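Read the structure below first, then the notes.
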Amino acid sequence: MTGFVSTLVRLYATVFASLERAVEGWLPGLAARFSFLAVLYFYFLNSALTKVEPGIAGFFHIADGAYYQIALPAVEAAGGDVSQVAFLPWGLIVRTGTYAEFILPILVVLGLFTRLAALGMIGFVLVQSYVDITVHQVGKETAGAWFDRFSDGLIFDQRTLWVFLLLYLAVKGAGALSLDAALARI
């Protein structure tokens, strides 16, 4: 029986080592970027669009709603008057966050400066989660919890998977089918 088991173990190792060699360098990064595009890109795009004024020219004008989403305590301290919110640090944070939400996902999908963009997105997701919990005070049912047998928490459960996907890209890169790889060949 042990000869049979060791043969199965060798066969298993050979098959999956061959599979790993066949996809190494191109499939994991491509699959991670495709997954980001399919699941998260439009989420971030639509969120970013709520932070600017409508229309093409509106892209260059931060909407008041952006301040309410990102810097609510500063807006409240200014009596609800966004024009009274100090540029440093709040205005800068709102502008940086708004344009990061447009630019970083595009870079991830294109595979351009992927590692840096993925690190930026991880930071963005962590800050977004912190703001949702502390500023917008989402309830425990929305935040969820790790290790609780439920996988439907919008913050702890889902965003952990987002960060894992982005962490893969930050560590391993976008792969051979990316603009990063094309630029490296120049």
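Tabulated data for the structure shown
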{"read-out": "Most to least accessible of Ser151, Ser47 (protein chains only, probe 1.4 Å)", "value": "Ser151, Ser47"}
{"read-out": "Segment 88-186: chymotrypsin sites (Phe, Trp or Tyr not before Pro) in DSSP loop, at most 14 other beta carbons within 10 Å", "value": "Trp146, Phe147, Phe150"}
{"read-out": "Residue range of the chain that is longest and free of trypsin sites (Lys or Arg not before Pro) which are both DSSP loop and sparsely packed (at most 10 other C-beta within 10 Å)", "value": "1-148"}
{"read-out": "Only Lys, Arg (+1) and Asp, Glu (-1) charged, at Cβ; segment 2-68 dipole about Cα centre in debye", "value": "280"}
{"read-out": "Cα shape, segment 1-83, gyration tensor, a/c 1.5 rule", "value": "prolate"}
{"read-out": "Integer Hz, Karplus 6.51/-1.76/1.60 couplings in order for segment 34-48, x for Gly and Pro", "value": "5, 4, 4, 4, 5, 9, 10, 4, 6, 4, 5, 4, 5, 5, 5"}
{"read-out": "For segment 95-165: rounded, prolate or oblate by the Cα gyration tensor [a/c cutoff 1.5]", "value": "oblate"}
{"read-out": "Contour minus Cα-Cα distance for His61 and Ile106 (0.36 nm per residue)", "value": "14.2 nm"}
{"read-out": "Around Tyr168: net Lys/Arg minus Asp/Glu count, Cβ-Cβ under 13 Å", "value": "+3"}
{"read-out": "Cβ-derived FRET efficiency at R0 45 Å, Val9 paired with Ile133, nearest 0.05", "value": "0.45"}
{"read-out": "Most fluctuating residue given options Ala17, Ala77, Ala32, as computed from a GNM of the chain linking Cα atoms under 10 Å", "value": "Ala17"}
{"read-out": "Cα gyration tensor shape for segment 43-153, rounded if a/c is under 1.5, else prolate or oblate", "value": "oblate"}
{"read-out": "Selection from Gly65, Val94, Ala78 lying farthest towards where the dipole of segment 54-186 points positive, charges on Cβ", "value": "Val94"}
{"read-out": "Longest to shortest principal axis, alpha-carbon extents of segment 79-127, angstrom", "value": "42, 17, 15"}
{"read-out": "Of Val131, Gly153, Pro105, farthest towards positive along the dipole that unit charges on Lys, Arg, Asp, Glu beta carbons give segment 24-159", "value": "Pro105"}
{"read-out": "The chain - charge dipole about Cα centre, Lys and Arg +1 at Cβ, Asp and Glu -1, debye rounded to 20", "value": "760"}
{"read-out": "Segment 143-186 and segment 26-52: distance between their alpha carbon centers, rounded to Å", "value": "10"}
{"read-out": "Only Lys, Arg (+1) and Asp, Glu (-1) charged, at Cβ; segment 137-181 dipole about Cα centre in debye", "value": "80"}
{"read-out": "Relative contact order of segment 63-186, defined on C-alpha pairs under 8 angstrom at six or more residues apart (%)", "value": "24"}
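The values are calculated or read from the model by the stated rules, or taken from the named source; none is laboratory data. Quick caveat: nothing in here was measured; it's all calculated off a predicted structure. As a convention, Cβ positions derive from the backbone with ideal geometry for all residues, glycine included, and neighbour counts pool all protein chains shown. Side chains are part of the model used for accessible areas, which takes the heavy atoms of the whole protein and leaves out ligands, DNA and RNA. Shrake-Rupley method; radii C 1.70, N 1.55, O 1.52, S 1.80 Å.
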